[in-house]
Amino acid sequence: MIRAGRRQVVALGIAVVVLALIAMVTYLVVPLEQFAVGGQPVPASVAAMPRWQLAAGNALFVLIPYGLLALAGYWFARRLELPPMFREGAGWRVWVFWPMLLGLGIGVVLVIGDQILARLGSSHGFQHPEFPLSLFASGSAGIGEEIIFRGFVMSLWAFLLKLVLRSGNGRTAALWIGNVIAALAFSASHLPATMLLLNATSVAQIPASTLIELFLLNSLLGVVAGWKFMRDGLVTAMGVHFWADILWHVIWPLLGIGI
């Protein structure tokens, strides 16, 4: 049991370090103009900084808070009897292969849903980061957002709800309610970026069709990632999220097909 717990902690630490490395490499290789959002130029103070300082600062900014959130989520997951990072003995198909297939499938659903909702709302669909920023953003989101929303937010709410729901099915209900809460929080976290892209000063200025798409599609991804977390650990939720983003933010824009 102690050795298994140690493996889980090591895997969690590796995920946080990889996230910090992605954050660092992103600022070393991606052109700064790709970080401009909503047509606004990169601030002159940022553009004047040496790239290595931006990279190191970004990595440090990621390493500490995400490391603390990851440890807190690990504590809650263990008390919920969840596999914190991976289900012991499941094998690479469960840890890697099936999350990849499921993520790509969700990516297809995101593309189709975006096209349908964009036509209904007479818009051009969601904007995507330019390549190669889209690639690094997919890796960062796949690890970082899962640490925050599945590892921490979902586990925290499920732990608190389990204390309240003491019936025989209390744990199951707590996990699914926590999953939905985390999925909605995950969706809401995209509001600031959406406002910047649309040059909106308040949520009320975001078109209704865009809000529906934002919450519907992101919540779908969040709930599925949460389900995989419950079954097989956080690494499978990361895989689902990463591959969904790869198809949605990288492959689809590069194909140049859309409205």
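Values in this text are rule-based calculations from the coordinates and carry no lab data. As the structure is a prediction and not an experimental result, all values here were calculated from the model. Please note: Cβ atoms are built from the backbone with ideal geometry, for glycine as well, and neighbour counts cover all protein chains shown.
Given the rule -39500 (n - 2.57) for each run of at least 4 DSSP H residues, summed and divided by the residues of the chain, what is its mean residue ellipticity at 222 nm, to the nearest 500 deg cm²/dmol? Don't jump to the answer; show the numbers that get you there.
Values: 11 runs with 174 residues, N = 259.
Dividing the helical sum by the residues of the chain leaves -22000 deg cm²/dmol.
In what order do Met49, Met230, Met24 fall by count of nearby beta-carbon atoms within 10 Å, going from fewest to most?
Sorted ascending by nearby Cβ count, the order is Met49, Met24, Met230.
At 24 angstrom or more along the helix axis (alpha-carbon based) and mean Kyte-Doolittle of 0.5 or higher, what helices does the chain contain? Whole DSSP H runs only.
2-29, 51-79, 98-120, 170-188, 208-232
Quick one: check the C-alpha center-to-center distance for region 200-248 versus region 1-78, whole angstrom.
When both Cα centres are located, 20 Å separates them.
For a quick protection proxy, order the peptides 203-212, 187-196, 67-76 by their average other-Cβ count within 10 Å, most packed first.
For the peptides 203-212, 187-196, 67-76, the packing ranking is 67-76, 187-196, 203-212.
Once phi is turned into ³J(HN,Hα) by the Karplus curve 6.51 cos²θ - 1.76 cosθ + 1.60 with θ = phi - 60°, what whole-Hz value does each residue of region 247-256 show in order, with x for glycine and proline?
Whole-Hz 3J(HN,Hα) from phi for region 247-256: 5, 6, 9, 10, 5, 4, x, 5, 5, x.
Of the options Trp92, Gln205, Leu220, report the single residue whose Cα projects farthest towards the positive end of the charge dipole of region 2-255 (beta-carbon charges: Lys, Arg +1; Asp, Glu -1).
Toward the positive end, the furthest listed residue is Trp92.
How much net charge surrounds Val240 when only the other residues with a Cβ under 9 Å from the Cβ of Val240 are counted, with Lys and Arg +1 and Asp and Glu -1?
For residues surrounding Val240, the net value is 0.
Could you rank the peptides 90-96, 140-146 by their average count of other C-beta atoms within 10 Å per residue, with the highest value first?
Details: 90-96: 13.3, 140-146: 24.3.
Ranked from most to least packed, the peptides come out as 140-146, 90-96.
Between beta-carbons, use under 14 Å as the cut-off and find the net charge around Thr172, counting Lys and Arg +1, Asp and Glu -1.
+3
Is region 107-259 rounded, prolate or oblate when judged by the Cα gyration tensor, a ≥ b ≥ c being the square roots of its eigenvalues, rounded requiring a/c under 1.5 and prolate requiring a/b larger than b/c?
Prolate is the answer for region 107-259, as a/c is 1.5 or above and a/b outweighs b/c.
Name the long-range amide H neighbours of Met85: under 5 Å, sequence gap of 5 or more, or other chain; modelled H, no Pro or chain starts.
Leu234
Of [x] 43, 25, 16; [y] 30, 23, 17; [z] 26, 22, 18, which is the value of semi-axes √(5λ) of the Cα gyration tensor in Å derived from the coordinates here?
[y]
Would you tally the net charge around Arg87, using a Cβ to Cβ cut-off of less than 14 Å, leaving Arg87 out, and scoring K and R as +1, D and E as -1?
So the surrounding residues net to +2.
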